[in-house]
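Take a look at the structure set out below.
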Amino acid sequence: MKTAILNFSKQLAYQPVIEQKKNLNKKKQFIVLGMGGSHLAADLLQEVAPNLPLTIHSDYGLPAVSTTTLRDSLIIASSYSGNTEEVIDGFHEARKKKAALAVIAVGGKLIELAKKHRVPYIELPNTGIQPRSALGFSLVALLAFTGQTAIQKELKIVSQKLKPAAFKLAGKKVARFLQNRIPVIYTAEQYKSIAYNWKIKLNENTKIPAFYNCVPELNHNEMNGFDIVESTRHLSSSMSFVFLVDRTDLSKNKKRLQILKTLYEARGLPVLQVELNGKSVLEKALRSLLVADWASVYLADYYGIDPEPVPLVEEFKRLVG
Ligand code: PA5
């Protein structure tokens, strides 16, 4: 896992090849079918390109969209392993509905199906890393289908200056803060996918409970759960909060996070602010996720956990499939 983190920037320089490209039905709208680590790239793309008509579907079948939307969309079945049943189900459904289809995977059944049915596909490099660690490969591949040239260019520039090892120290600091605590990650709505990504790295790499939420929504409900009195103090006594803050953010959400920090600390809840740094949303996200990567693996070291495998996910897939 540490090697995968150190090699992350190289993923961003990957040049995907669309196989069976002549069958690619170009569209301006996109529906990504993906579970877990295989929809993280799409989540991030939604944040980086908020005007891109992109729907993410993490379930069986297809999302409930109008016939017109379905007709005008390219459905991208994304599964790192290529064997995730929800996504394969969506693939079949899309074929039944004669929708425009494309596939992203390292192999597995999805690539077999794509070859069989002449569906355009990108076969990701199989470097043996975990799906959640392959965010760079997935993002670059996704962009090859959505065609966001400005983001593709930016990614190349970021890949040259992003040095994963430089985030070790920041990750260590977070890991120390979170030792023996249940992490809760908060950020502003516009950075939702970053907070979600932090949470899943802690769940899957460190194998601990971790949660996330965003302002302003959480100010209307969740925070009230932390208005501790003596009889409820034990319920949140293991929780520590990481606030992902953007100093350059001009929105009112920045103020909300500041106020919330004061209110939580007054109630004895530990809060660590981690800054989102970078020239663009994309750079901020990638830098922050490297901090999360290191934090999650250092915390895994602390608990004596192997960050790589996810045996419970595998066991569950066996039982359900
Ligand atoms: O990170 C993981 O291992 C999981 O979240 C997987 O991504 C998820 O189970 C879906 O599998 P796949 O990415 O192979 O479609």
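Any read-out appearing in this document is the output of simple, stated calculations on the displayed coordinates, not a laboratory observation. Computed from a predicted model, the values in this text were never measured in an experiment. Because the Cβ atoms are built from the backbone with ideal geometry, glycine has one as well, and the counts that use them run over all protein chains shown.
Would you pull out the residues with amide H under 5 Å of residue 104's amide H, same chain only if 5 or more places away, H placed 1.01 Å from N?
HN-HN under 5 Å from residue 104: 77, 78, 79, 122.
What is the order of 294, 198, fewest Cβ neighbours within 10 Å to most?
Fewest-to-most Cβ neighbours within 10 Å comes out as 294, 198.
Could you tell me the calculated FRET efficiency between residue 116 and residue 235, based on Cβ-Cβ distance and R0 = 56 angstrom, to the nearest 0.05?
0.60
Helix-only mean residue ellipticity at 222 nm, the chain, DSSP H runs n ≥ 4 weighted -39,500 (n - 2.57), per residue, nearest 500. What is it?
Mean residue ellipticity, 222 nm, calculated: -13500 deg cm²/dmol.
Output the relative contact order of the chain, whole-number percent, from Cα pairs under 8 angstrom with separation of 6+ residues.
With pairs under 8 Å counted, the relative contact order is 19 percent.
HN-Hα J couplings of segment 32-49 from phi, Karplus 6.51/-1.76/1.60, θ = phi - 60°, integer Hz, Gly and Pro as x?
9, 9, x, 10, x, x, 8, 10, 5, 5, 5, 4, 5, 4, 4, 6, 6, 10
I need the peptides 263-274, 137-148 ranked by packing, meaning the mean over residues of other C-beta atoms within 10 angstrom, with the highest value on top.
So the order, starting with the most tightly packed, is 137-148, 263-274.
Evaluate E = 1/(1 + (r/R0)^6) for residue 314 and residue 220, where r is the Cβ-Cβ distance and R0 equals 30 Å; express this FRET efficiency to the nearest 0.05.
Efficiency for this residue pair is about 0.20.
Go through segment 155-164 residue by residue and turn each phi into a ³J(HN,Hα) via Karplus (6.51, -1.76, 1.60, θ = phi - 60°); whole Hz please, and just put x for glycine and proline.
Calculated HN-Hα couplings, in order: 4, 5, 5, 4, 4, 6, 9, 7, 10, x Hz.
Sorted by packing (mean other beta-carbon atoms within 10 Å per residue), highest first, where do 279-285, 230-236, 29-35, 68-74 land?
The packing order, highest mean first, is 29-35, 279-285, 68-74, 230-236.
Provide, as a two-decimal number, the C-alpha radius of gyration of the chain over 2.2 N^0.38 Å, N being how many residues it has.
The reported ratio for this selection is 1.02.
Between segment 276-305 and segment 192-231, what's the alpha-carbon centroid distance in Å?
Between the Cα centre of segment 276-305 and that of segment 192-231, the gap is 16 Å.
Filter the GluC sites (Glu not before Pro) in segment 142-205 down to the DSSP loop ones having no more than 11 other Cβ atoms within 10 Å, then list what survives.
Answer by residue number: there is no such site.
Among 79, 58, 238, what is the fewest-to-most ranking by other Cβ atoms within 10 Å?
With the fewest neighbours first, 79, 58, 238 line up as 238, 58, 79.
Among 158, 65, 320, which comes first, second and so on when ranked by fewest other beta-carbon atoms within 10 Å?
With the sparsest Cβ surroundings first, the list reads 320, 65, 158.
I'd like the Karplus ³J(HN,Hα) series for segment 112-117: coefficients 6.51, -1.76, 1.60, θ = phi - 60°, whole numbers in Hz, and an x wherever there's a Gly or Pro.
Running phi through 6.51 cos²θ - 1.76 cosθ + 1.60 with θ = phi - 60° gives 4, 5, 4, 5, 4, 9 Hz.
Under a 5 Å amide H to amide H cut-off, with H placed in plane at 1.01 Å, what residues pair with residue 74 once short-range neighbours are removed?
29, 30, 31
To the nearest 0.05, how large is the calculated FRET efficiency for residue 265 and residue 149 if R₀ is 35 Å and r is the Cβ-Cβ distance?
0.20
Using modelled backbone amide H atoms (1.01 Å from N, in-plane), which distant-in-sequence or interchain residues come within less than 5 Å of residue 185's amide H?
211, 212, 213, 242
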